[in-house]
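Read through the structure below, which is laid out as structure tokens, and then see the notes.
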Amino acid sequence: MSRPVLIAAATLTVALGGANAQDTTLRVGTARAISTGATLIAIERGYFKEFGIKIELEDINSSADVMAMIAQNQYQIVEGGISAGYFNAVEKNLPITIVADRTSSPLGHNIMLRPDLKDQIRDIKDLKGKTIGTNGPGSVTTYEIGKVLEAGGLSLADVDIKVIPFTQMGLALRNKALDASVLIPPFTYQARDQGLGVMFLDADTYVRPQPTAVAVNIINTDWAKKNPQVVKNYFVAYLRGVRDYCNAYHFGSTRKEIIDLLVKSGTERRPELLNDYAWQSRDPNGRINVASALDMQSWYRKNKFINVDLPADRLVDMSYVDYAVAKLGPFELENKDSKLAGCR
């Protein structure tokens, strides 16, 4: 069951940029991560409200868990990883499509080990026979695990994959239900700092092509066809939040505000850590590396999670973010001295 995030937008009727004359409530599912800060600040600063849009933001464990819900329009938009379930849903002609980037390299994803195994597992090949955690069946973290294993001459068949929500992976490592697990910020650092896991491998080192299009925005296309201006307005507001996030990522003026929102939402309870560790990157123009998405599709097919290879135009529609960028203009990085890769 989804759990509402604590921050919600107020409604306001405003005729701006083609906004509807009445309030529109959108139900948005999000797999909790640091990059959720973009949506949170867009809500908090009233970017959606300017268009008469109210957001009901709800936690999901993985986009793989809610493909049916978005196809049935129980969610209008989902922010989560590119799962095998997405490709299967498109193959069945369900009314969904990817429309915007949500998280892309550098990611901060890490394969973490149980602390008692850190001296036994020193190389990828040492993962053979081990139990490794992923947040969803056929999820993007399963893809990341697979790409890492292949770099060490192994495959998924050589390990035992166990599905566990990110929120429970640290405890599963401590209880020895897992030998290793792919964790994302902030869970990576929570597990590290609580002594539940030891960082082993950075997934970015092994996954190609780059940037990896790990997480995206998926919409219900039937709803979008009936409400094209609402969708366009949504992504104008959303990309304003994304750009605030990217400036915060580079230690710009919005950093403290986004940290406060992430703490308030329960994403990370310790604000000092959000200044200590790297955030997940994302594209300030919302564009997706289609080559990365196609590589995921090929990998899922090779590993029998899906049955067909679909063309790019069946998988991705970037017209909404292109509209938003045309309205907003180029992204301006506040901290031009930042040396951080990504989010620019």
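Derivation of every value follows stated rules applied to the coordinates shown; laboratory data play no part. Small disclaimer: the values here were computed from a predicted structure and weren't measured. Quick reminder, even Gly has a Cβ in these numbers, built from the backbone with ideal geometry, and neighbours come from all protein chains shown.
Going down the table (Lys128/Lys339; Lys225/Lys264; Lys147/Lys176), which pairs top 27 Å between alpha carbons? Correct reply: Lys128/Lys339; Lys225/Lys264. For a straight C-alpha distance cut-off of 23 angstrom, the lysines reachable from Lys232 (same-chain residues fewer than eight places away being disregarded) are Lys49, Lys54, Lys327. Across all C-alpha atoms in the chain, the radius of gyration and Dmax reach 19.4, 63 Å. Most tightly packed first, judged by the mean number of other beta-carbon atoms within 10 Å of their residues, the peptides 43-55, 194-206 read 43-55, 194-206. Pair-distance distribution of the range 110-205: all C-alpha pairs, bin width 10 Å, starting at 0; shares per bin in whole percent are 18, 58, 23, 0.
Relative to the longest principal axis of the Cα atoms of the chain, the long axis of helix 228-249 makes an angle of roughly 60 degrees. Each of the peptides 306-316, 181-191 was scored by the mean count of other Cβ atoms within 10 Å over its residues; in descending order, highest first, they stand as 181-191, 306-316.
In this Cβ point-charge picture (+1 for Lys and Arg, -1 for Asp and Glu), the chain has a dipole of about 180 debye about its Cα centre. A simple charge model with +1 on the Cβ of Lys and Arg, -1 on the Cβ of Asp and Glu and nothing else charged puts the dipole of the range 100-171 at about 80 debye relative to its Cα centre. Taking 0.36 nm per residue of separation and subtracting the current Cα-Cα distance, fully stretching the chain between Lys264 and Lys339 would add 24.1 nm.
Between Arg287 and Asp119, residue separation times 0.36 nm minus the direct Cα-Cα distance comes to 56.4 nm. For a label point 7 Å from the Cα of Asp276 along Cα→C-beta, name the residues of the range 180-206 whose backbone N is under 15 Å from it. It comes to 185-199, nothing else. Distance from the alpha carbon centroid of the range 265-324 to that of the range 121-192 works out to 19 angstrom. At an R0 of 45 angstrom, the distance between the Cβ atoms of Ser253 and Ala157 translates into a FRET efficiency of 0.35. For a straight C-alpha distance cut-off of 19 angstrom, the lysines reachable from Lys336 (same-chain residues fewer than eight places away being disregarded) are Lys256. For the pair Leu171 and Glu332, label points projected 7 Å from Cα toward Cβ lie 4.7 nm apart. The helix-based estimate of mean residue ellipticity at 222 nm for the chain, built from -39,500 (n - 2.57) per DSSP H run of four or more residues and divided by its residue count, is -9500 deg cm²/dmol to the nearest 500.
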